[in-house]
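What follows draws every value from the coordinates through simple rules; no lab data is involved. If you're wondering where the values come from, they're calculated on a predicted model, not measured in any experiment. For neighbour counting, all protein chains shown are included, and Cβ atoms are generated from backbone atoms with ideal geometry for every residue, glycine included.
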Amino acid sequence: MAQESAALSEPLAGGGARVAPVHRVADPAPLGLAAFAMTTFALSIGNTNVWGPGADAALALALVYGGGVQLLAGMWEFVRRNTFGALAFSSFGGFWIAYYVFVKFVAPGVKPSDAPVAVGVFLLGWTIFTFYMTIASFRVSGAVVAVFVPLTVTFVLLTVGAFESSSGWTKAGGWVGVVTAAAAWYASFAGVVNETFRKPVIPTLPLAP
């Protein structure tokens, strides 16, 4: 996942070339994955109802770590010209910030009878986005696929749970969400270890040719 430093050659009037160095940018993927994993874990633990207050921890993480920090990771992926990483991290950073705004400011003003549809539509949109990103992930790595496949399942279960006002579906989504968080932590762990050791120590199974 590391990107080697490059240089741009700029022609001069005398026919020579001026080389302008482009500094190497550190890989932001381990940071984005870690932010996503921790916030997803906290919310999913809350959804499983094993530790219900985990959802409160997720709300704080959603604004700062899962939201703000992951959004920054997405911006740095733009610098690295990584379209998949830029779209994924920026969007899910936006997802967590939107989740915070929805819970803190929007949900309290929604009629109880309208809440299932409001939450369901919110989750349905993210289900669609995650599904097509899952297709694209099959050109990234096995580690990334292992994040997006269960994440899609998580959103499907949570969406059904919201529309049906079913705690059973939501709880199932919580458990799959825990699996998703574990996969994201693994991918983050592999990314930072491989980058630090400058060699593939932890397998990620790259899929791009």
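Normalised by 2.2 N^0.38 Å, with N the number of residues, the alpha-carbon radius of gyration of region 29-197 equals 0.99.
If you plug the beta carbon distance of residue 104 and residue 136 into 1/(1 + (r/R0)^6) with R0 = 22 Å, you get a FRET efficiency near 0.10. Computed extension gain for residue 75 through residue 205, at 0.36 nm per residue and net of the alpha carbon distance, reaches 44.3 nm.
Sequence gap at least 6, Cα distance under 8 Å: using those rules, report the relative contact order of the chain to the nearest whole percent.
23
Here the dipole of region 29-197 is about 160 debye; that uses its Cα centre as origin and unit charges on the Cβ of Lys and Arg (positive) and Asp and Glu (negative).
For region 76-177, trypsin sites (Lys or Arg not before Pro) meeting the loop criterion (DSSP other than H, G, I, E, B) and having at most 16 other Cβ atoms within 10 Å: 81, 139. Peptides 155-164, 34-43, ordered by how many other C-beta atoms sit within 10 Å of their residues on average, highest first, read 34-43, 155-164.
Can you give the extra length, in nm with one decimal, that the chain gains between residue 91 and residue 196 once fully stretched, where that is 0.36 nm per residue apart less the Cα-Cα distance?
On the way: separation 105, 0.36 × 105 = 37.80 nm, distance 2.69 nm.
So the chain would gain 35.1 nm between residue 91 and residue 196.
Extending 7 Å from Cα along the Cβ direction at residue 64 and again at residue 118 yields two label points whose distance is 2.7 nm. Computed from Cα atoms, the angle from the helix 70-79 axis to the main principal axis of the chain rounds to 30 degrees.
Counted by Cβ distance under 15 Å from residue 141, the other residues give a net charge of -2, where Lys and Arg count +1 and Asp and Glu count -1.
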